[in-house]
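The values are calculated or read from the model by the stated rules, or taken from the named source; none is laboratory data. Computed from a predicted structure; not experimentally measured. Counting neighbours? That spans all protein chains shown, and the Cβs are built from the backbone with ideal geometry, glycine included.
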């Protein structure tokens, strides 16, 4: 599913995309056949070498990747556990707390390793629904709206186990069950819902998962990639480990009070699980805390960030410019930049902040789930900051604040960063202010398509016009 999401994003950007999968995959993911992407029997069957080969398979590793070099110019690998070697140009691990250092010695030294939930590849519907979802006041309805989502196939029938726990202990709830149409235990679950003490609906092959989640107060679900979908919309969750690669995710979410880990399905203690579920349902304060923490984890824009890795914006020196979400570790370098006279010259407040003032401000910006706080990287090195802050009472309108490190001046990094931001944040209207004597800022906004009115620049959401494997950026004027 994450490969399909990425392929859809790339196709929107003008790429020519193909899939090569097992018959079982085509059967399990019916959306694949109807997606319009080309289906190949073998990647070798392509007449020309592919520009990028994306591999997402726990059973295929180093030797397979080496064998693909003859018909793939570059290789991107998705992985979730740093336990095996890869021959790749880019590796993406979207899990919470993962760092590039975890893959040291497992990938070539020249490979770029992208880690963390900023690269969680979610369908575009989640990013679109995020702001609306976060603004909703959940937990006001009675009974509580609960979703059970144990994956498309749920081969071990975790859904029934959770239903049995709920049946014995809880009644004042409404339950939605999400399963794939090919789930082996689907018919059994359909028969079971008739004997439950609460209203239950079953949804199969859901296309608008974001919309269904938006009407949910609490999820009991798997600790896989769907965890990031829930985080994007700020949905509190209790999670079950269904596979070994989910164990670390579940532990990390529980440790940071983002979700409650019920444990592994194989060793699930039903009495303890029932107590945790009951306590969560009865405590609106606990659910509100989980929701608040979850919303900070993932913004739903990972597919666009991965697409940007494959075709990055570049500075004047030809080196790539990327955007990544800021984290606590960036506070010190930003303080250094903000303390330099040349960077504060055009600030509304020219006074250099104290260390305490800076860290208070910095942490408040990190905690703001309505804003986007990016670190600009030039060839993998921190080069500046780009913040997009939502304008009060103006839907999808964000103010641009950009700062480039003086050592990176005159390389065109600011322009590349703004163009990258336009590709990531396709939905928003951007506004920016520039003093008349700030020649660099005025030139920057003019050359990136902003329309000027006095000191204020405005840029409406872009439209992408595919043209072979490239695209033309066009902007609609206000």
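Descriptive notes on the structure:
- All positions within segment 37-57 that are in contact (Cβ under 8 Å) with a residue 24 or more places away in the chain and either closer than 18 Å to residue 2 by Cβ or in a helix (DSSP H, G or I) (or both): 37, 43, 44, 52, 54, 55, 56
- Breaking point among (1) buried (at least 17 other Cβ atoms within 10 Å of the Cβ); (2) in contact (Cβ under 8 Å) with a residue 60 or more places away in the chain, for residue 238: (2)
- For segment 201-220, the set of residues classified as crowded, with 24+ Cβ neighbours inside 10 Å and either in a helix (DSSP H, G or I) or out of contact with any helix residue (DSSP H, G or I) (no Cβ under 7 Å at 6 or more places or on another chain) (or both) consists of 213 only.
- In the set (1) surrounded by fewer than 22 Cβ atoms within 10 Å (Cβ to Cβ); (2) part of a strand (DSSP E or B), residue 92 fails one condition alone, (1).
- Enumeration of residues in segment 433-475 that are in a loop (DSSP other than H, G, I, E, B), surrounded by fewer than 12 Cβ atoms within 10 Å (Cβ to Cβ) and at pLDDT below 80: 468
- Every pair of residues 6+ apart whose Cβ atoms lie under 8 Å, when the first sits in segment 351-362 and is in the same structural domain as residue 341 (by TED's automatic domain parsing) and free of Cβ contacts under 8 Å to residues at least 60 places away in the same chain while the second is part of a loop (DSSP other than H, G, I, E, B) and surrounded by 15 or more Cβ atoms within 10 Å (Cβ to Cβ): 361/353
- Selection count where residues are within 23 Å of the chain's Cα centre (by Cα) and part of a loop (DSSP other than H, G, I, E, B), scope segment 68-82: 4
- The number of residues in segment 30-60 that are touching a helix residue (DSSP H, G or I) at 6+ places or on another chain (Cβ under 7 Å) and at pLDDT below 85 comes to 2.
- Restricting the search to helices (runs of 4 or more DSSP H) fully inside segment 235-341 and requiring at least 2 residues that are under 25 Å from residue 89 (Cβ atoms), in contact with a strand residue (DSSP E or B) (Cβ under 9 Å, 6 or more places away or on another chain) and not assigned by TED's automatic domain parsing to the domain that holds residue 424 gives 302-310.
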